[in-house]
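Taking it in order: structure first as structure tokens, then the write-up.
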Amino acid sequence: MKEIMDSEKLNHYLKVHQLENIFNGSLMPYLSLYQVESGECICSQGDRVNYLYVLVKGKVKVYTTSVEGKNLILSFKTPLEVIGDIEYIQGIDIINTVEAVSDVYVIGIHHQWLKQYAEGQPAFLQFLLRVITQKFYVKSKSLSFNLMHPVEVRLASYLLSVSFDETNAQITGRLNTESLQDTANFIGTSYRHLNRVIQQLCRDGLIDRSDGFIQVKDWEGLKALSSHNIYE
């Protein structure tokens with residue numbers, strides 16, 4: 001993750017996402033813009049991070065790691081999203097790892113300046129409230145989606161989430177087959193059944209499996225199959 005010293009680009013993202021009123025004038029000198037490359041972590045589970053990050057471009061995945069070293073993907077996030085909000089409020093270490101799926105831009109603010117200039121500001125507090133309640137809503141919707149839809153629908157939705165970002169043409173619709181166990185865990189099925197469903201989607205011409213990757217062939221067909229329910 002590297003800092004981008006470009007005030008014009010920073011102001012652009014603040015304006016696009018209507019954040020000027022959230023981060024008042026006193027905070028402006030302490031806002032920093034960072035670029036995160038695909039595959040790079042913004043924060044890692046268990047770390048002590050003193051920054052609050054606002055995702056303003058790109059896509060990230062959120063996952064947790066068990067004591068045995070197994071990863072479980074929890075969700076995918078696109079702008080506008082806040083990273084480290086619960087940790088900031090609770091004063092705890094990072095709960096889950098957040099990794100860039102595409103090239104990502106985030107705005108970072110050190111906790112010191114938030115406590116000094118923003119904690120008592122209604123606009124900032126309302127912003128945090130909206131963000132956190134949205135996370136609960138999305139989590140509830142995701143759980144319902146897993147319970148109410150068959151595996152082929154869940155897989156189609158997952159493939160759209162992990163391999164598509166309408167703001168970034170660099171995401172080419174490929175999924176490494178080494179991550180299929182994580183995929184099975186995420187959508188709530190067995191690895192064996194997931195492979196059967198993948199074979200069916202290949203026969204239907206929606207995807208192709210070769211050379212260690214699953215490649216999306218028919219975007220519109222996957223969207224129709226998923227009923228446009230994407231894990232985001």
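When we screen 101, 131 for residues that are touching a Ser or Thr at 6+ places or on another chain (Cβ under 9 Å) and at pLDDT below 95, the only hit is 101. Residue 178 meets the conditions (1) surrounded by fewer than 17 Cβ atoms within 10 Å (Cβ to Cβ); (2) modelled with pLDDT under 90; (3) out of contact with any strand residue (DSSP E or B) (no Cβ under 9 Å at 6 or more places or on another chain); (4) in a loop (DSSP other than H, G, I, E, B) in every case but one. The failed one is (4).
Is it fair to say residue 88 is open to solvent by less than 20 Å² (accessible area, probe 1.4 Å) and hydroxyl-bearing (Ser, Thr, Tyr)? It is true that residue 88 is open to solvent by less than 20 Å² (accessible area, probe 1.4 Å) and hydroxyl-bearing (Ser, Thr, Tyr). Of all residues in region 26-48, those satisfying the criterion of being open to solvent by less than 60 Å² (accessible area, probe 1.4 Å) and out of contact with any helix residue (DSSP H, G or I) (no Cβ under 7 Å at 6 or more places or on another chain) are 32, 34, 35, 36, 39, 40, 41, 42, 43, 44, 46. Among residues of region 1-24 that are under 25 Å from residue 44 (Cα atoms) and in contact (Cβ under 8 Å) with a residue 24 or more places away in the chain, none has a beta-carbon under 9 Å from a residue that is in a helix (DSSP H, G or I) and open to solvent by 40 Å² or more (accessible area, probe 1.4 Å) at least six positions away or on a different chain.
Among the residues of region 186-223, just one is touching a helix residue (DSSP H, G or I) at 6+ places or on another chain (Cβ under 7 Å), free of Cβ contacts under 8 Å to residues at least 40 places away in the same chain and assigned to a helix (DSSP H, G or I), namely 191.
The values are calculated or read from the model by the stated rules, or taken from the named source; none is laboratory data. Here the structure is a predicted model, which means the values were calculated and not measured. Because the Cβ atoms are built from the backbone with ideal geometry, glycine has one as well, and the counts that use them run over all protein chains shown. Only protein heavy atoms, including side chains, enter the accessible area calculation; ligands, DNA and RNA are left aside. Shrake-Rupley method; radii C 1.70, N 1.55, O 1.52, S 1.80 Å.
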